[in-house]
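One structure is given below, encoded as structure tokens.
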Amino acid sequence: ILNVEQSPQSLHVQEGDSTNFTCSFPSSNFYALHWYRWETAKSPEALFVMTLNGDEKKKGRISATLNTKEGYSYLYIKGSQPEDSATYLCASNAGGTSYGKLTFGQGTILTVHP
Amino acid sequence: EAQVTQNPRYLITVTGKKLTVTCSQNMNHEYMSWYRQDPGLGLRQIYYSMNVEVTDKGDVPEGYKVSRKEKRNFPLILESPSPNQTSLYFCASSLSRGGRGEYFGPGTRLTVT
């Protein structure tokens, strides 16, 4: 089983704060790194898929960077809002033999307080 | 509307009684997969399929079977369910490589007594 780790496990911030989380993954046989947002009682929703070293992606106030050589990705949220409260998951098929085999991290639970 | 559907959404069954959870997508995606979600263990991949008639094991395939006879459908079969298969199951689909990530179904809550 590939080792995909996320930190911190949980995070409490105040509305308006900017925050970031980390995802680390094996740096060998890299195919792609995914970020998902998972709200309570809903299904995970894809935010970004990154495939190239140095990739940077942005969606509104959320952005992500990728370093495949050292095996990490950062997710940033600028000016957090209460509606950003969710679990943020990363997933990778790095280190495996197939693009299809995807391993998820445990997630970072973000709570944004008004 | 682009979607992944799963049926049933909730199921309570008994040990050993074969069951099938269906999954269907209407986006012509080549790639489909099944996950289970357990507290403290996160999402774990059970099986995936890169295309019709092409399936492979994920991280936790024991006790499950899958088939991919048509592009849109990817059923999950539990031949002899056991209580340790009580879990929340998600089906997902995506384009074959990269793309926009996986589209997840609504989930199936399975309880095996």
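Assorted remarks:
- Count, lysine Cα pairs under 21 Å in chain B, 8 or more residues apart or across chains: 7
- Calculated SAXS-style log₁₀ I(q)/I(0) at q = 0.09, 0.12, 0.13, 0.16 Å⁻¹ - the protein assembly as shown, Debye, Cα scatterers: -0.36, -0.64, -0.75, -1.10
- Note on residue A:58: lysines with a C-alpha under 16 Å away, same-chain residues under 8 apart excluded, are A:78.
- Counting 0.36 nm for each residue step from residue B:67 to residue B:88 and taking away their Cα separation leaves a gain of 5.6 nm.
- The phi-based Karplus calculation (6.51 cos²θ - 1.76 cosθ + 1.60; θ = phi - 60°) puts the 3J(HN,Hα) values of the range B:79-87 at 5, 9, x, 10, x, 6, 9, 5, 5 Hz, whole numbers, x for Gly and Pro.
- In chain B, Cα pairs under 8 Å separated by at least six residues give a relative contact order of 36 percent.
- Taking a Cβ cut-off of under 15 Å around residue A:27, the surrounding Lys, Arg, Asp and Glu residues balance to a net charge of -2, with basic ones at +1 and acidic ones at -1.
- Sparsely packed loop sites in the range B:12-97 (the GluC sites (Glu not before Pro) outside DSSP H, G, I, E and B with at most 14 other Cβ atoms within 10 Å) comprise B:53, B:62, B:70, B:79.
- Total formal charge among the other residues, if their Cβ is under 11 angstrom from that of residue A:88, Lys/Arg +1 and Asp/Glu -1: -2
- Projected onto their three principal axes, the Cα atoms of chain A cover extents of 44, 28, 20 Å, largest first.
- Straight-line cross-link reach from residue A:42 at under 19 Å between alpha-carbon atoms covers these aspartates and glutamates, not counting any fewer than eight positions away in the same chain: A:83, A:84, B:1, B:38, B:102.
- Neighbour net charge for residue B:63 - beta-carbon separation under 14 angstrom, K R +1, D E -1: +2
- Integer Hz, Karplus 6.51/-1.76/1.60 couplings in order for the range B:43-50, x for Gly and Pro: 7, 10, 6, 9, 9, 9, 9, 7
- Counting only Cβ charges, +1 for Lys and Arg and -1 for Asp and Glu, the dipole size of chain B around its Cα centre is about 160 debye.
Here, each number is a calculation from the coordinates, and none is a lab measurement. Everything numeric in this text was worked out from a predicted model, so none of it was measured. Glycine also receives a Cβ, built like all others from the backbone with ideal geometry; neighbour counts cover every protein chain displayed.
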